[in-house]
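Trainee: Before anything else, here's the structure in question.
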Amino acid sequence: MMKTRNKTNCKAAMRMVKVLPFYFFTLLLFYVLSPLTATAQKYVGGDISLLPDYETAKAKFREPNGSTITGDMINYFKQQGWNAMRVRLFVDPSKAPEDHKKQGVRQDLEYVKALSKRIKDAGLSLLLDFHYSDTWTDPGQHSTPSGWTSSDPEELAATLYQYTKDCLNELIAAGVTPDFVQPGNEITYGMLWPTGHCYPSGANYGTGTFDNFAKYLSAGIKAIREVCPQAKIVLQTELSSMNNVFNFCRTLKRKEVTDFDVIGISYYPYFHGELSTLKSTLNGVGNIYPDKKIQIVETGYSHAYYPDDAKYPISKFPNWPATNAGQLQFTKDLIELLNTYENVDGLYWWFPEANEYNVNWQNAVTPSGWYNASLFDNQTGKAMQALYELKTFRGLVVGDANNDYLVDVADVVAIVNYILEKPAENFNQQAADANGDGTIDVGDVVSVVNIILGN
């Protein structure tokens with residue numbers, strides 16, 4: 001796929017040079033002198049932390065019509081308008097409980113380096129999710145890594161700081177610089193239990209204290225700022241209780257933990273309730289942090305077999321049956337809500353790659369059971385319609401003149417053709433006006449070139 005794409009890009013580039021001889025000097029001049037008008041970037045994608053294991057197990061990913069998807073799956077996701085991916089990192093997953101390993105706990109630093117390199121090489125943004133544990137972390141568990149044997153908060157904070165720095169330096173040395181970093185996963189009740197166990201209100205939990213948690217969190221933030229100063233820092237909470245989110249945010253402010261950029265939220269309807277709950281949460285967090293962005297860093301909904309452990313029955317969601325169509329409708333309704341908020345700029349589907357089709361059942365990737373809120377059918381390998389709907393969260397993609405949800409040399413050619421009065425049928429004038437001045441001219445060509453170059 002990449003070779004074909006590169007050939008296409010080369011041909012398009014040659015075409016651009018042929019049709020723009022009289023613009024060439026102007027293009028260079030504008031490139032040097034003209035500033036790029038800032039535009040709001042939105043990020044959509046998924047946490048694809050188990051994709052390499054499915055590929056190794058020879059899972060067969062298929063289009064909705066049954067045709068096999070060929071080439072790199074990350075590039076396929078990109079072709080569907082996804083522009084960001086999330087990857088989790090455990091300290092030593094070999095020490096995780098066996099049942100957790102069967103659920104997908106296996107992402108050590110070497111695993112994460114390789115997967116993250118593929119993501120960045122594909123031109124996608126990367127959200128790195130430090131778990132600071134050997135296994136899952138969430139509101140019910142945050143075990144301290146087995147190798148971090150001290151119970152002294154100062155020593156633990158120093159260990160976390162150094163571990164964070166070392167991991168980030170290794171990633172950068174491997175050609176991977178994260179765009180977003182989470183110092184902890186679903187940290188509403190702290191991290192590094194028992195010493196960092198606390199309530200979101202700031203109250204202590206057993207021998208744990210919020211002050212210890214704040215110390216650990218600040219150590220992670222400090223390391224990220226030092227090694228990856230351009231990365232946005234995401235603090236992830238979740239909707240086990242709406243009041244927990246508000247209390248967590250208020251307590252962080254009270255404890256003066258303010259050096260971060262994004263509040264990340266987990267939202268699963270079967271655990272967290274209706275969209276009205278999410279809406280109230282977005283309103284409240286926006287009031288507490290008017291200067292911060294908000295991202296939905298985990299979400300999902302079943303396309304089959306509604307979860308047995310759901311907190312809310314499926315009768316709560318009559319418009320979202322556990323079917324392909326129901327999952328699609330949930331996705332549409334979620335995006336419709338999120339797109340009413342200017343401060344919400346990220347949406348990640350959790351575990352979209354789950355797909356046991358064509359995998360030997362004796363060598364299942366997740367032998368503990370199928371995940372049926374993925375974006376592929378475990379029984380047929382066919383992609384769910386929600387996969388293709390997610391890109392609509394991005395709204396208008398500035399510079400995407402040919403409407404393919406990518407900004408590349410093909411868009412430059414499309415704009416040039418429009419200037420030469422040869423517009424394509426799918427030409428998007430609003431997106432082509434990349435510098436926002438109300439006209440489509442060589443200045444927009446320059447702006448798109450800047451976008452492609454990451455300027």
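The values are calculated or read from the model by the stated rules, or taken from the named source; none is laboratory data. This structure is a prediction, so every number in the text was calculated from the model and none was measured. A quick note on method: Cβ atoms are made from the backbone with ideal geometry, for glycine too, and the neighbour counts reach across all protein chains shown. Note: accessible area is taken over every heavy atom of the protein model, side chains too, but ligands, DNA and RNA are not part of it. Shrake-Rupley method; radii C 1.70, N 1.55, O 1.52, S 1.80 Å.
Trainee: So residue 392 passes all but one of these: (1) surrounded by fewer than 17 Cβ atoms within 10 Å (Cβ to Cβ); (2) assigned to a loop (DSSP other than H, G, I, E, B); (3) not small (Gly, Ala, Ser). Which condition number does it fail?
Mentor: Exception for residue 392: condition (2).
Trainee: Does residue 336 fit the bill of being outside any loop (DSSP other than H, G, I, E, B), charged (D, E, K, R) and surrounded by fewer than 16 Cβ atoms within 10 Å (Cβ to Cβ)? Talk me through it step by step, then tell me what you get.
Mentor: On the way: outside any loop (DSSP other than H, G, I, E, B): yes; charged (D, E, K, R): yes; surrounded by fewer than 16 Cβ atoms within 10 Å (Cβ to Cβ): yes.
Considered against the rule, which asks whether it is outside any loop (DSSP other than H, G, I, E, B), charged (D, E, K, R) and surrounded by fewer than 16 Cβ atoms within 10 Å (Cβ to Cβ), residue 336 comes out as yes.
Trainee: OK, next. Of the conditions (1) outside any loop (DSSP other than H, G, I, E, B); (2) touching a strand residue (DSSP E or B) at 6+ places or on another chain (Cβ under 7 Å); (3) under 18 Å from residue 44 (Cα atoms), residue 112 satisfies every one except a single condition; which number is it?
Mentor: (3)
Trainee: Among the residues of the range 267-310 satisfying the criterion of being assigned to a strand (DSSP E or B) and open to solvent by 10 Å² or more (accessible area, probe 1.4 Å), which is farthest from residue 235 (Cα to Cα)? Give the steps one after another, and end with the answer.
Mentor: Narrowing the range 267-310 to residues assigned to a strand (DSSP E or B): 267, 293-299.
Restricting the remaining residues to those that are open to solvent by 10 Å² or more (accessible area, probe 1.4 Å) gives 293, 298.
Values: 293: 11, 298: 13 Å.
Result: 298.
Let's see how each residue does on (1) open to solvent by less than 10 Å² (accessible area, probe 1.4 Å); (2) more than 30 Å from residue 307 (Cα to Cα); (3) within 21 Å of the chain's Cα centre (by Cα); (4) not hydroxyl-bearing (Ser, Thr, Tyr):
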residue: 371; (1), (2), (3), (4): no, no, yes, no
residue: 381; (1), (2), (3), (4): yes, no, no, yes
residue: 387; (1), (2), (3), (4): yes, no, yes, yes
residue: 396; (1), (2), (3), (4): no, yes, yes, yes
residue: 404; (1), (2), (3), (4): no, yes, yes, yes
residue: 430; (1), (2), (3), (4): no, yes, no, yes
residue: 435; (1), (2), (3), (4): no, yes, no, yes
residue: 441; (1), (2), (3), (4): no, yes, no, yes
residue: 454; (1), (2), (3), (4): no, yes, yes, yes
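Trainee: Read through the list (1) open to solvent by 40 Å² or more (accessible area, probe 1.4 Å); (2) more than 22 Å from the chain's Cα centre (by Cα); (3) free of Cβ contacts under 8 Å to residues at least 24 places away in the same chain, then give the number of the only condition that residue 150 fails.
Mentor: So residue 150 meets the others, but not (1).
Trainee: Of (1) out of contact with any strand residue (DSSP E or B) (no Cβ under 9 Å at 6 or more places or on another chain); (2) in contact (Cβ under 8 Å) with a residue 12 or more places away in the chain; (3) open to solvent by 10 Å² or more (accessible area, probe 1.4 Å), residue 156 satisfies all except one. Which?
Mentor: That leaves (3) as the condition not met.
Trainee: Filter the range 51-95 for residues that are closer than 26 Å to residue 131 by Cβ, in a loop (DSSP other than H, G, I, E, B), without any contact (Cβ under 8 Å) to a residue 60 or more places away in the chain and open to solvent by 10 Å² or more (accessible area, probe 1.4 Å) and give the result.
Mentor: If the condition is that a residue be closer than 26 Å to residue 131 by Cβ, in a loop (DSSP other than H, G, I, E, B), without any contact (Cβ under 8 Å) to a residue 60 or more places away in the chain and open to solvent by 10 Å² or more (accessible area, probe 1.4 Å), then 92 is the only one that fits.
Trainee: In the range 196-232, what residues are assigned to a helix (DSSP H, G or I), open to solvent by 40 Å² or more (accessible area, probe 1.4 Å) and out of contact with any strand residue (DSSP E or B) (no Cβ under 8 Å at 6 or more places or on another chain)? Let's see the steps before the verdict.
Mentor: Step one: list which residues in the range 196-232 are assigned to a helix (DSSP H, G or I), which gives 210-227.
Subsequent filtering for residues that are open to solvent by 40 Å² or more (accessible area, probe 1.4 Å) retains 211, 215, 218, 222, 225-226.
If the condition is that a residue be assigned to a helix (DSSP H, G or I), open to solvent by 40 Å² or more (accessible area, probe 1.4 Å) and out of contact with any strand residue (DSSP E or B) (no Cβ under 8 Å at 6 or more places or on another chain), then 211, 215, 218, 222, 226 are the ones that fit.
Trainee: When the range 114-137 is examined, which residues are found to be among the charged types (D, E, K, R) and surrounded by fewer than 18 Cβ atoms within 10 Å (Cβ to Cβ)? Talk me through it step by step, then tell me what you get.
Mentor: Of the range 114-137, the ones among the charged types (D, E, K, R) are 117-118, 120-121, 129, 134.
Hits for the range 114-137 are 117, 121.
Trainee: Out of the residues in the range 439-448 meeting the condition of being of a type outside the set (Ser, Thr, Tyr) and out of contact with any Gly (no Cβ under 9 Å at 6 or more places or on another chain), tell me which one is nearest to residue 399 (Cα to Cα). Spell out how you get there, then give the answer.
Mentor: To start, the set of residues in the range 439-448 that are of a type outside the set (Ser, Thr, Tyr) comprises 440-446, 448.
From what's left, out of contact with any Gly (no Cβ under 9 Å at 6 or more places or on another chain): 440-443, 445-446.
Details: 440: 11, 441: 12, 442: 13, 443: 12, 445: 9, 446: 10 Å.
In this case the residue turns out to be 445.
Trainee: Filter the range 311-333 down to residues that are assigned to a loop (DSSP other than H, G, I, E, B) and of a type in the set (Phe, Trp, Tyr) and give me whichever is surrounded by the most Cβ atoms within 10 Å (Cβ to Cβ). Break it down into steps so the answer makes sense when it comes.
Mentor: At the first step, the residues of the range 311-333 found to be assigned to a loop (DSSP other than H, G, I, E, B) are 311-313, 317-323.
With of a type in the set (Phe, Trp, Tyr) added as a condition, the list becomes 312, 317, 320.
Values: 312: 16, 317: 21, 320: 24.
Top of the filtered list is 320.
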